[in-house]
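Below: one structure, written as C-alpha cells.
The values are calculated or read from the model by the stated rules, or taken from the named source; none is laboratory data. In this text, all values refer to a predicted model and were calculated from it rather than measured experimentally. Here Cβ is always computed from backbone atoms with ideal geometry, including for glycine, and neighbour counts include all displayed protein chains. Surface accessibility is based on the protein's heavy atoms, side chains included, excluding ligands, DNA and RNA. Shrake-Rupley method; radii C 1.70, N 1.55, O 1.52, S 1.80 Å.
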Amino acid sequence: MAIELRIISGARAGETESFDKSVISIGRHPSSDFLLDIKKDLDVSRRHGEIRFTGSGYRLYDKDSTNGTYLNNAQLDPGGNMDLQNGDIIRFGAQGPSVKVMITGGGGESAAAAAGAAGSDSAEESVVVREPTAKRALSQRLHDGPSATQAPRNALL
C-alpha cells in the first residue's frame, strides 16, 4: 500500500511525493524523507513527525514538534499519533504547510491512476513526483556548502 502526500499550501504547494515504505520521516532536516523548505516553512520542526505503515493502514506521529501537528484541524497531542484515512489533511504547525493524504491500493499504483480507474475528476490534476533521495542530496549540498574535497576559489590564485 503506497501513500501520496499532495502539498496544498506552503513553499512547495502544488508538488506531490509518493512513498511505499514503512516509515516516512517529515521535517526540515536534510535527512527527512518528506523534506519541507528549510528556510520558508518555519512552522515545521527539523524533525517534525513521521507517518508509519501499521500493516493495515497508515498512522501519523508527532515527534514533539515545536508548533504542533494537525489532522483535519484537530491538533495531535505532543508526541501523539492518529490513524490516517484517504483524503485527510495534515498541517505542520498552526500556520504551516498542509498536505492532502492519498492512500493507494497495493502494487504501488499512483492515486491519480487509481482515481482515473474509478472515473474521478481528480485524475486530471497535475502530479509532480520527486525522488526523495536526489532531493535530499541536493538539499545537503546546499546546506553544507562546498565539499571538503573542493579547494576554495582563492586558493588557486
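Here are the numbers:
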{"item": "Residue that is surrounded by the most Cβ atoms within 10 Å (Cβ to Cβ) [pool: residues in the range 43-70 that are hydrophobic (A, V, I, L, M, F, W, C) and under 13 Å from Ile26 (Cβ atoms)]", "result": "Val44"}
{"item": "Residue count, the range 66-76 (criterion: out of contact with any strand residue (DSSP E or B) (no Cβ under 7 Å at 6 or more places or on another chain) and either of a type in the set (Lys, Arg) or in a loop (DSSP other than H, G, I, E, B) (or both))", "result": "3"}
{"item": "Flag if Asp83 is modelled with pLDDT of 95 or more and surrounded by fewer than 17 Cβ atoms within 10 Å (Cβ to Cβ)", "result": "yes"}
{"item": "Residue, farthest from the chain's Cα centre (by Cα), within the range 72-100, restricted to residues that are of a type in the set (A, V, I, L, M, F, W, C) and under 19 Å from Arg12 (Cα atoms)", "result": "Ala94"}
{"item": "The listed residue being farther than 17 Å from Tyr58 by Cβ, in a strand (DSSP E or B) and out of contact with any Cys (no Cβ under 8 Å at 6 or more places or on another chain), out of Ile38, Ile8", "result": "Ile8"}
{"item": "Of residues in the range 30-42 being out of contact with any strand residue (DSSP E or B) (no Cβ under 8 Å at 6 or more places or on another chain) and crowded, with 18+ Cβ neighbours inside 10 Å, the one farthest from Asn67 (Cα to Cα)", "result": "Pro30"}
{"item": "Conditions (1) free of Cβ contacts under 8 Å to residues at least 40 places away in the same chain; (2) open to solvent by less than 20 Å² (accessible area, probe 1.4 Å); (3) more than 12 Å from the chain's Cα centre (by Cα); number of the one not met by Ile24", "result": "(3)"}
{"item": "Residues of the range 11-21 classified as open to solvent by less than 40 Å² (accessible area, probe 1.4 Å) and more than 16 Å from Gln85 (Cα to Cα), total", "result": "4"}
